[in-house]
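Worksheet: the structure to be examined is printed underneath.
The values are calculated or read from the model by the stated rules, or taken from the named source; none is laboratory data. Quantities reported herein were computed from a predicted structural model and do not represent experimental measurements. Methodologically, a virtual Cβ is constructed for each residue, glycine included, from the backbone with ideal geometry; neighbour enumeration extends over all protein chains shown. Heavy atoms of the whole protein, side chains included, go into the accessibility calculation; ligands, DNA and RNA do not. Shrake-Rupley method; radii C 1.70, N 1.55, O 1.52, S 1.80 Å.
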Amino acid sequence: MVVVIALDSFKGSLTATEACECVAAGFREVGVASALQIVPMADGGEGTADALVAAGGGAWVTVDDVVGPLPDQRLSAEFGWLPSTRVAIVEMARASGLPLLTEDERNPLLTTTFGTGQILAQAQVQGAKEILLTLGGSATVDGGTGAARALGWQFLDSCGHSLPLGGGYLRYLHTLSAPDQEVSCTVKALCDVDNPLCGPNGAAAVYGPQKGATPAMVEVLELGLGRLGEVVRRERNIDVSRIPGAGAAGGFGAGAVAFLGAQLVPGVDTVADAAGLEAALDGADWVVTGEGKLDGQSLQGKVVSGVLRRAKRHGARVAVLCGRLALSAERCREAGLDWASGCAPVDMPDEEAFRCARTLLTAEARALAEFVSVRDA
């Protein structure tokens with residue numbers, strides 16, 4: 001029996017590689033599989049750069065004195081480099097990510113993607129022919145304007161003054177000023193959502209509160225992103241408001257298209273192709289995938305949905321192991337899953353579940369392997 005193990009990270013507890021290794025350990029204890037193939041996965045969010053660098057045999061390049069999520073922060077950040085193809089992998093969360101702030105520091109009126117732009121600029125200096133920009137885990141709702149500024153763009157008010165950094169000032173945007181030299185290499189922005197720039201499903205309304213925005217802040221951010229969309233449409237002849245995924249990473253999806261000339265692409269498919277998932281699935285009997293929480297979003301552009309879609313094309317049965325299971329058994333069956341289970345007891349606090357994640361996931365994988373051994377005996 002051939003089993004392919006292709007899990008995403010369990011945020012806050014296990015990387016994708018660690019999660020896959022836990023599942024492999026559970027299967028080895030039962031001894032049900034003749035072959036185990038491990039393919040760590042990601043979808044454009046946390047862990048995507050790690051997965052792509054590992055799959056491509058790349059290295060990490062450090063950039064010092066990078067602006068963090070807040071304009072007065074300075075830090076060192078890395079981007080991935082694949083020398084054989086001259087592809088740079090820039091994970092925005094490494095410079096502009098929510099984990100870089102304490103809870104009290106979260107304020108999307110002030111946070112900026114400027115540091116991500118500095119890394120993008122360094123990737124060009126490195127000689128990148130293509131940049132893969134992963135949009136996920138951001139602390140920002142600035143529409144990617146901070147990153148664009150680091151690349152020479154100017155965002156001006158009605159008096160011709162440069163706006164301060166941060167999403168809170170975009171409502172005063174009047175005009176754009178392009179740099180002498182725009183980004184010359186190909187840019188693909190990897191995301192795992194299809195949210196629009198504005199509206200009830202847009203960047204401010206859906207993701208602003210996760211980044212510290214109060215209801216009043218959400219209104220300000222919504223005005224700013226709406227203004228950004230209007231100015232980009234007028235001056236760049238690009239209607240970013242109509243692009244699925246424009247609202248990713250606080251509107252960075254829109255900014256990537258408008259100011260980097262980027263193409264928005266599904267992160268899970270990019271990682272799957274780079275990691276050789278399709279080849280691994282050829283001849284597979286079972287595929288085990290999963291993430292920290294299995295819910296409705298898991299079936300829409302996330303790792304689980306991407307792996308499930310490909311596995312079914314190969315005729316493999318699919319199991320999902322997750323930290324928390326938030327879908328009904330009926331919904332799991334409708335999605336085409338042959339097994340779905342959460343490894344953390346319902347009454348276990350999250351902190352304890354994070355601490356015991358390795359043990360819990362290995363035990364759940366062992367239970368799945370025992371089920372497989374009986375079913376496929």
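Below is a table of values for the structure above.
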| read-out | value |
| --- | --- |
| All-pairs alpha carbon distance profile, segment 101-141, 5 Å steps from 0, percent | 5, 19, 24, 20, 14, 10, 6, 1 |
| Qualifying lysines (Cα of each under 20 Å from Cα of Lys302; at least 8 residues distant if same chain) | Lys11, Lys188, Lys293, Lys312 |
| Translational diffusion coefficient (Stokes-Einstein; Kirkwood radius from C-alpha pairs) of segment 1-128 at 4 °C, 1.567 mPa s, in µm²/s | 79 µm²/s |
| Contact order relative to length of segment 117-199, as percent, for alpha carbon pairs under 8 angstrom and 6 or more apart | 37 percent |
| Inter-part distance where segment 1-33 and segment 301-351 are each reduced to a Cα centre, Å | 14 Å |
| Solvent-accessible area per residue, Å², over the chain with all protein chains present [probe radius 1.4 Å] | 41 Å² |
| Cα-based Rg of segment 226-377 normalised by 2.2 N^0.38 Å, two decimals | 1.32 |
| Most mobile of Val240, Val232, Val307 in a GNM of the chain (Cα contacts under 10 Å) | Val232 |
| Length-normalised contact order for the chain - Cα pairs under 8 Å, 6+ apart - percent | 19 percent |
| Radius ratio Rg over Rh of the chain, counting only Cα atoms, Kirkwood formula for Rh | 1.00 |
| Column: log10 I(q)/I(0), Debye, Cα scatterers of segment 127-267, q = 0.10, 0.14, 0.15 Å⁻¹ | -0.28, -0.56, -0.65 |
| Helix-only [θ]222 nm of the chain, DSSP H runs n ≥ 4, -39500 (n - 2.57) each, per residue, nearest 500 | -11000 deg cm²/dmol |
| Cα long-axis angle, helix 114-125 against the chain (0 to 90 degrees, to the nearest 10) | 80 degrees |
| Per-residue ³J(HN,Hα) for segment 304-316, Karplus 6.51 cos²θ - 1.76 cosθ + 1.60, θ = phi - 60°, Hz, x for Gly and Pro | 4, 5, x, 5, 4, 4, 6, 5, 5, 5, 8, x, 8 |
| Crossing angle, helix 248-260 versus the chain [Cα axis fit, 0-90 degrees, rounded to tens] | 60 degrees |
| Percent carbon-and-sulfur accessible area, segment 296-353, ignoring ligands, DNA and RNA, probe 1.4 Å | 47 percent |
| Positive-end residue of Val4, Pro69, Ala25, charge dipole of segment 1-105 with Cβ unit charges | Val4 |
| Amide proton proximity set for Gly97, modelled H, under 5 Å, gap of 5+ | Ala139 |
| Crossing angle, helix 357-375 versus the chain [Cα axis fit, 0-90 degrees, rounded to tens] | 50 degrees |
